[in-house]
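Enquirer: Got a structure for you, questions after.
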Amino acid sequence: MNSPAPTTDYLRQSLGVTERFQRLKARPVVLEIEKLGRQFAGKNGPVTALRDISLKIHRRELVCVIGPSGCGKSTLIRIIAGLDVPTSGRLLVDGKESRGPSSERGMVFQGYTLFPWLTVKRNVMFGLQMGGMSQLEAEGKALEWLALVGLSKFADTYPAQLSGGMKQRVAIARALAPNPRVLLMDEPFGALDAQTRAQMQAHLLEIWRNVDVTILFITHDLDEAIYLADRIIVLKAHPGEVQEVIEVSVPRPRSAEQFNSPEFLATRRRLEELIHPRVDLVHEKLPIVRLTPVGDDVE
């Protein structure tokens with residue numbers, strides 16, 4: 001059984017989208033990854049998690065990384081954050097090689113990672129004061145960021161008193177407070193229910209429209225990637241390599257109504273082709289073991 005030919009309608013862009021990408025590509029490159037590789041020691045020798053990853057991400061671009069399980073998405077973002085070390089290649093921020101953690105790269109994890117014994121305001125202040133900012137100045141900055149994420153009224157509450165979505169907004173404010181050049185987000189909405197997740201996606205786009213920051217966003221959700229991203233980096237697994245880079249043809253500003261638009265659906269079909277390819281059932285049929293008598297002849 002032959003696989004169907006890949007669709008190409010996801011490549012079609014309106015004039016407005018094409019012109020926007022031209023403007024985007026004219027911006028300075030903030031984050032550059034050159035031939036990045038990562039190997040881990042395995043029982044039977046080295047295991048390659050990432051191989052020859054090369055990317056250029058422009059100022060104020062929002063890029064999503066997506067791929068099947070085992071493609072190395074989280075390994076990639078941990079290396080970019082300085083929490084892991086590549087086996088080969090290098091990372092540049094604003095043209096300068098960067099190693100280890102730095103305030104130029106903020107990180108938001110899937111878990112909320114807030115200090116439960118500190119108030120919301122103190123959580124946002126923490127990194128600022130660790131960087132040498134006075135308490136008075138850190139408090140003023142923290143209140144500005146809490147206003148941006150819509151949590152001014154909760155400045156003096158504790159994380160345990162907040163919903164999951166509110167906790168992630170605090171985590172985003174804390175990551176943005178030191179004014180990083182790049183905000184790294186590792187499946188930050190993965191633990192939220194569907195309604196809260198949709199609200200957080202809209203919050204993130206609103207924040208991004210008002211902050212001079214470049215975002216690299218890891219997700220396994222196809223709709224989330226299309227809704228948020230300028231470009232989608234599709235990784236393939238074993239080892240993790242760049243399979244395709246997709247320029248999302250859905251116009252901005254984005255809205256939930258676009259989920260059924262031709263551009264959105266075409267991009268989703270292409271992602272499905274890349275990440276969940278059809279299996280030739282004639283050759284890939286698996287043996288079925290019957291564990292209990294079912295008592296009928298249905299299939």
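Enquirer: Which of the aspartates and glutamates could a cross-linker span from Lys96 if the Cα-Cα distance has to be under 16 Å and same-chain partners fewer than 8 positions apart are dropped?
Expert: Output for Lys96: Glu32, Glu34, Glu104.
Enquirer: Let me ask something else about it. Can you quote the Å³ per residue value for the convex hull of the Cα atoms in the range 73-148, rounded to an integer?
Expert: For the range 73-148, the hull spanned by Cα atoms encloses 130 Å³ per residue.
Enquirer: Sticking with this structure for a sec: I need the Debye-formula profile for the chain: one equal scatterer per C-alpha, no solvent, reported as log10 I(q)/I(0) at q = 0.09, 0.11, 0.14 1/Å, two decimals.
Expert: Taking Cα atoms of the chain as identical point scatterers yields -0.51, -0.74, -1.11.
Enquirer: Which of the lysines could be linked to Lys141 by a straight reach, that is with a Cα gap under 20 Å, when you skip same-chain ones fewer than 8 residues away?
Expert: Cross-link targets: Lys121, Lys153, Lys167.
Enquirer: How many nm separate the modelled label positions at Asn210 and Ser102, each set 7 Å beyond the Cα in the direction of the Cβ?
Expert: Rounded to a tenth, the inter-label distance reads 2.9 nm.
Enquirer: Run the helix sum for the chain: -39,500 (n - 2.57) per DSSP H stretch of 4+ residues, divided by residue count, reported at 222 nm to the nearest 500 deg cm²/dmol.
Expert: -10000 deg cm²/dmol, from helical runs alone.
Enquirer: In straight Cα distance, which lysines are under 26 Å from Lys43, not counting same-chain residues fewer than 8 positions off?
Expert: Of all the lysines, those that pass the test against Lys43 - Cα under 26 Å, at least 8 places apart if same chain - are Lys35, Lys73, Lys236.
Enquirer: Can you give me the Cα centroid spacing of the range 98-112 and the range 142-175 in angstrom?
Expert: Centre-to-centre distance over Cα atoms comes out at 18 Å.
Enquirer: Leu235's amide H: which non-local residues (gap 5+, or another chain) put their own amide H closer than 5 Å, with H modeled 1.01 Å from N in plane and none for Pro or chain starts?
Expert: It is Ile66, Gly67, Gln243, by chain and number.
Enquirer: For a bin width of 5 Å, list the pair-distance distribution of the range 110-179 built from all Cα-Cα distances, rounded to whole %.
Expert: Result, from short to long distances: 3, 21, 34, 25, 13, 3, 0 percent.
Enquirer: Taking K and R as +1 and D and E as -1, what net charge do the other residues with C-beta under 11 Å from the C-beta of Pro178 add up to?
Expert: Within the 11 Å Cβ shell, the charges total +3.
Enquirer: Still on this structure, I have one more. Within 10 Å, count the other beta carbons around each residue, average over each peptide in 252-265, 60-73, 164-177, and list them highest first.
Expert: Averaged packing, sorted descending, gives the order 164-177, 60-73, 252-265.
Enquirer: Expressed as a fraction of 2.2 N^0.38 Å, the rule-of-thumb size for a compact globular protein of N residues, what is the C-alpha radius of gyration of the range 19-139?
Expert: 1.29
Read-outs throughout are calculated quantities, based only on the coordinates presented, and are distinct from any laboratory measurement. Predicted model, so just to flag it, every value in this text is computed and none were measured. FYI the Cβ positions are ideal-geometry reconstructions off the backbone, even for glycines, and counts take in every protein chain you see.
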